[in-house]
Every structure is written in structure tokens, then in C-alpha cells.
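Colleague: Have a look at this one before I ask anything.
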Amino acid sequence: MRFIINSQILLKNLQSIGGVVVTNNALPILGNYLFILKEKELTLVGSDLETTMMVSMSLEEASQEGRVAIPSKILMETLKTFPDIPLIFNIDAENFGVEITAGDGKYKLAGENPESYPEIPMAEGSVVKTEISSSVLVNAISKTLFATGNDSLRPVMSGVFFELTPENLTFVATDAHKLVRYRRMDAKSEHTGSFIVPKKSLLQIKNILSGRKEEISISLEYNETNVFFSFEQVRAVCRLIDGKYPNYEAVIPTENPNKLNIDRLTFLNCIRRVSIYANQSVPQARLKFNGKELIVTAEDVDCANEAKERLLCQYEGEPMEIGFNSKFFMEMLSNIDTEEVCVEMSQPSRAGLILPVGNPNEKEDILMLVMPVML
């Protein structure tokens with residue numbers, strides 16, 4: 001197996017899929033990149049069993065098709081030292097020894113038998129397919145990922161719920177304390193379906209897409225066990241989280257007569273300052289509404305710390321006082337892009353909704369829900 005490739009092109013492509021390669025994995029072979037040469041196309045594969053990332057590239061010069069697993073750590077450290085030069089790879093088909101020739105230098109390392117590498121999942125059986133733009137997917141991941149949970153006893157909450165319909169695509173994340181529903185009316189599917197994608201998998205896809213300036217179309221396919229994202233020369237296979245996602249619509253309150261309209265950044269910075277003085281084990285922010293005045297307070301009784309700020313606002317409803325986890329509240333305000341937000345509430349013991357005001361994108365619908373804490 002022999003091929004010639006540019007050092008910087010190889011490095012860039014390996015880095016794009018390298019996030020899933022873990023050198024201390026319980027399965028040692030996963031500390032390797034899998035190289036697959038077929039005709040004059042080289043495919044690079046990285047996997048942690050949950051997520052498999054692949055990138056393909058065309059070569060001008062290649063011979064003797066084959067496969068080899070190359071240790072990721074030594075290969076990446078070597079590639080980072082090379083200038084922009086062509087590299088010649090020669091792989092021994094019998095012992096999988098790898099020889100890299102770069103100018104006047106020769107480097108030899110021990111590859112591994114590719115037969116030990118886990119089989120790459122294929123889109124077989126009952127597959128549903130749709131198209132989605134890169135900006136929609138990146139925004140959906142960015143707006144929902146922070147709200148996923150980490151509870152191993154409730155694995156379905158450790159991922160993002162995708163809901164596809166002919167009308168829209170909906171992305172939901174919750175950890176039972178906060179919830180985000182991100183809906184796009186400009187992304188649709190001919191078939192109705194739903195699945196849960198792990199947090200780590202989506203983070204890898206977001207990292208690859210965020211580095212691209214141009215808008216690209218992504219092919220999204222899924223079956224009962226995996227979802228497949230394909231764009232340009234990249235393909236990602238993510239194992240789905242098995243289980244039934246909670247009925248998120250049932251927890252979203254529909255009757256919210258008390259409504260607060262306020263400048264988002266002013267509100268966010270106020271909570272940021274005040275929460276410094278809260279008990280850090282439960283960083284509670286207390287909100288008191290009355291007419292055009294909002295009072296935000298926090299205290300730590302044990303340390304005798306206390307903070308209080310008054311803000312001007314537009315408030316419609318009965319005077320009320322409610323407490324929220326300031327960390328959750330700040331996360332939500334940080335993930336809304338509009339200048340103004342609306343906080344809708346019914347009573348101090350019920351969930352509050354945070355909604356953007358004046359969103360210029362009519363095709364985007366964002367709803368964030370946060371549970372109150374007892375005062």
C-alpha cells in the first residue's frame with residue numbers, strides 16, 4: 001500500500017476527526033486512525049464506538065489498495081513538525097509497518113492490523129433521509145447542548161432530541177431543571193420521526209461545521225440504531241441513545257399572565273453581579289416584580305454576603321416574588337441573540353419561560369424553560 005499526500009492536507013483532515021480518537025480507551029485499537037486506500041481515494045476514520053468520523057480525499061498518486069491502523073499520537077506529533085511538503089507513505093501488507101518519507105527524512109512506526117478495528121456502521125435497513133443546512137444544525141446544537149443532563153440513571157436526557165415532521169424540525173434538550181426547545185420552520189422532512197443524539201457526538205459535528213465559512217447542505221439519515229450526517233467529504237455516524245424521551249410539551253406552561261420585558265444584556269449582567277453574593281452551592285437569584293420595577297437580590301446567610309439591584313422594566317401582571325438558579329438563568333440569557341427578552345410566569349412555584357423578543361429570523365422559534373427554586 002503506497003500513496004503520496006500533502007502534509008498539511010493530511011494534518012488538517014486528521015484534526016477534523018481527531019476529537020473522537022481517545023488514546024486511553026479500553027479498546028486500544030481506537031487509539032489509532034484507520035487508513036483505507038481504494039483506487040485513488042484515501043479515507044481516514046476515527047472512532048470511540050459511540051461516534052465514528054470519516055473524511056475522504058482524492059490522491060494524485062496511489063497504488064496497492066489496502067487498510068492499516070496507525071497510532072494517532074505519534075502520527076499527529078510528527079505531522080505537526082512538517083512544513084507544507086509532500087509525504088510518501090509505504091505500508092507493509094504483512095506486518096503493517098508504516099514508513100513515511102519526507103524530503104531527506106524517513107520515519108518508521110508500527111501500524112496495527114485493521115481487522116481489529118470496529119466495523120463501520122452502514123445505513124442499512126429502514127432508513128429515513130432528509131437535508132438540513134449547516135447553519136441550522138450549528139445553531140440548533142449551540143442553543144440546546146448546554147441544557148442536556150449528565151445523569152447516568154437517565155441517559156435519554158444526556159442527548160438532544162431530534163423531532164422531524166413535514167412542517168418543521170424541532171430540537172429539544174433538558175436535564176429536568178431547565179429545558180430548551182429550538183424549532184426551525186425552514187427545515188423539514190418528508191417523513192415523521194424522532195431520535196436522541198448523544199451530546200459528545202453533536203459537539204464533534206459542531207466543531208467541524210463551525211470552522212467552515214461557507215453554507216453547506218448536510219444529508220441526514222437515520223435508522224433505529226444510528227444517525228448519519230454526510231457533507232462534502234465528511235461522514236459522521238452517531239449511535240443513538242435508546243429510550244423514550246420525556247413528553248416535553250406537557251411541562252411547558254401555557255397560561256402565563258405575568259410577563260416581564262427587559263433588555264437582555266442589562267438583565268444578564270445584573271444577575272451575573274448579584275449571583276456572586278449568593279450561596280454557591282445553590283446560587284439563587286430572587287426576582288421581585290412590581291409595576292415598572294424589578295428588584296434582583298441574592299444572599300449567603302452563612303457568610304453574611306448580600307447583593308441587591310433595581311432595574312427598570314416593563315411588567316404586566318400581579319406583584320410577585322420568585323427564585324431561580326442564577327447559573328441556569330445566565331446560561332439561557334447567554335444563548336439568546338435578541339436585544340430584549342420576555343420572561344413569562346404564572347406563579348412562584350411554576351416554571352418560568354424565557355423567550356426572545358423581536359427575533360429577526362421568522363423561521364426560528366426558541367423557547368427556554370427554567371424551574372423555580374423555593375424561596
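Colleague: Would you please name the GluC sites (Glu not before Pro) within the range 176-266 that are DSSP coil residues with at most 15 other C-beta atoms within 10 Å of their C-beta?
Modeller: Numbers: sites: GLU190, GLU214, GLU215, GLU221, GLU224, GLU232, GLU249, GLU255; in loops: GLU190, GLU214, GLU215, GLU224, GLU232, GLU255.
Those that pass, being in a loop and sparsely packed, are GLU190, GLU214, GLU215, GLU224, GLU232, GLU255.
Colleague: Sorted from largest down, give the three principal axis spans of the alpha carbons of the range 74-170, whole angstrom values.
Modeller: Largest first, the range 74-170 extends 59, 32, 31 Å along its Cα principal axes.
Colleague: Find, among the trypsin sites (Lys or Arg not before Pro) in the range 244-302, those assigned to loop by DSSP (not H, G, I, E, B) with at most 16 other beta-carbon atoms within 10 angstrom.
Modeller: Values: sites: LYS244, LYS259, ARG264, ARG272, ARG273, ARG286, LYS288, LYS292; in loops: LYS244, LYS292.
Passing sites in the range 244-302 are LYS244, LYS292.
Colleague: Which order do you get for ILE205, ILE276 if you rank them by accessible area with a 1.4 Å probe, largest at the top? Let's see the in-between values first.
Modeller: Details: ILE205 0, ILE276 115 Å².
In descending accessible area the options line up as ILE276, ILE205.
Colleague: A further question on this structure: How much of the accessible area of the range 231-375, probe 1.4 Å, is carbon plus sulfur, in whole percent? Please report the intermediate quantities before stating the final value.
Modeller: On the way: 3710 of 7760 Å².
About 48 percent, which is the carbon plus sulfur part of the accessible surface.
Colleague: Give the lysines reachable from LYS292 as a straight Cα distance under 16 Å; neighbours fewer than 8 places away on the same chain don't count.
Modeller: Of all the lysines, those that pass the test against LYS292 - Cα under 16 Å, at least 8 places apart if same chain - are LYS259.
Colleague: Moving to a separate point now. Over the chain, with the other protein chains present, what is the accessible area per residue in square angstrom, probe 1.4 angstrom?
Modeller: 49 Å²
Colleague: Any chance you could list the semi-axes, whole Å, largest first, of the equivalent ellipsoid that the Cα gyration tensor gives for the range 1-106, using √(5λ)?
Modeller: Details: eigenvalues 86, 47, 38 Å².
The equivalent ellipsoid of the range 1-106 has semi-axes of 21, 15, 14 Å.
Colleague: In terms of solvent-accessible area of protein heavy atoms at a 1.4 angstrom probe, what is the ranking of GLU112, GLU65, highest value first?
Modeller: Output order, biggest surface exposure first: GLU65, GLU112.
Colleague: Once you've got the GNM for the chain with C-alpha springs shorter than 10 Å, pick whichever of ASN335, ASN95, ASN256 has the biggest mean-square fluctuation.
Modeller: Judging by the Gaussian network model, the answer is ASN95.
Colleague: Return the carbon/sulfur percentage of the accessible area of the range 35-86, one whole number, probe 1.4 Å, all protein chains in place. Write down the numbers at each step before the final one.
Modeller: Details: 1280 of 2590 Å².
About 50 percent, which is the carbon plus sulfur part of the accessible surface.
Colleague: With the Cα gyration tensor of the range 174-293 in hand, give its eigenvalues times 5 under a square root as the equivalent ellipsoid semi-axes, listed largest first in whole angstrom. Walk me through the intermediate numbers first.
Modeller: Details: eigenvalues 270, 77, 57 Å².
Over the Cα atoms of the range 174-293, the semi-axes work out to 37, 20, 17 Å.
Colleague: Continuing with this model, one more query. The range 198-267 to the range 325-375: how many Å between their Cα centroids?
Modeller: 18 Å
Colleague: Just the Cα atoms of the range 259-337, one point each, no solvent: what log10 I(q)/I(0) does Debye give at q = 0.15, 0.25 Å⁻¹?
Modeller: -0.49, -1.22
Colleague: Follow-up. Beyond 27 Å between alpha-carbons counts as too far, so tell me which of LYS38/LYS73; LYS12/LYS363; LYS106/LYS206; LYS199/LYS288; LYS308/LYS363 fall in that bin.
Modeller: On the way: LYS38/LYS73 25 Å; LYS12/LYS363 34 Å; LYS106/LYS206 36 Å; LYS199/LYS288 35 Å; LYS308/LYS363 38 Å.
The answer is LYS12/LYS363; LYS106/LYS206; LYS199/LYS288; LYS308/LYS363.
Colleague: Next question, about the same structure. Show that you can apply the helix-only estimate: for the chain, add -39,500 (n - 2.57) for every DSSP H stretch of four or more residues, divide by all residues, and state [θ] at 222 nm to the nearest 500. Don't jump to the answer; show the numbers that get you there.
Modeller: Numbers: 7 runs with 67 residues, N = 375.
One gets -5000 deg cm²/dmol as the mean residue ellipticity at 222 nm.
Colleague: Roughly how far apart, in whole Å, are the Cα centres of the range 269-310 and the range 66-84?
Modeller: If you average the Cα positions of each part, the centres end up 52 Å apart.
Colleague: Kindly give the semi-axes, whole Å and largest first, of the ellipsoid equivalent to the chain, taking each as the square root of 5 times a Cα gyration tensor eigenvalue. Don't skip to the answer; put the middle values down first.
Modeller: On the way: eigenvalues 475, 102, 66 Å².
For the chain, the ellipsoid semi-axes come out as 49, 23, 18 Å.
The values are calculated or read from the model by the stated rules, or taken from the named source; none is laboratory data. All values derive from a computational prediction rather than experimental measurement. Neighbour counts are summed over all protein chains in view; Cβ atoms, including those assigned to glycine, are modelled from backbone coordinates with ideal geometry. Note: areas computed on protein heavy atoms with side chains; ligands, DNA, RNA excluded. Shrake-Rupley method; radii C 1.70, N 1.55, O 1.52, S 1.80 Å.
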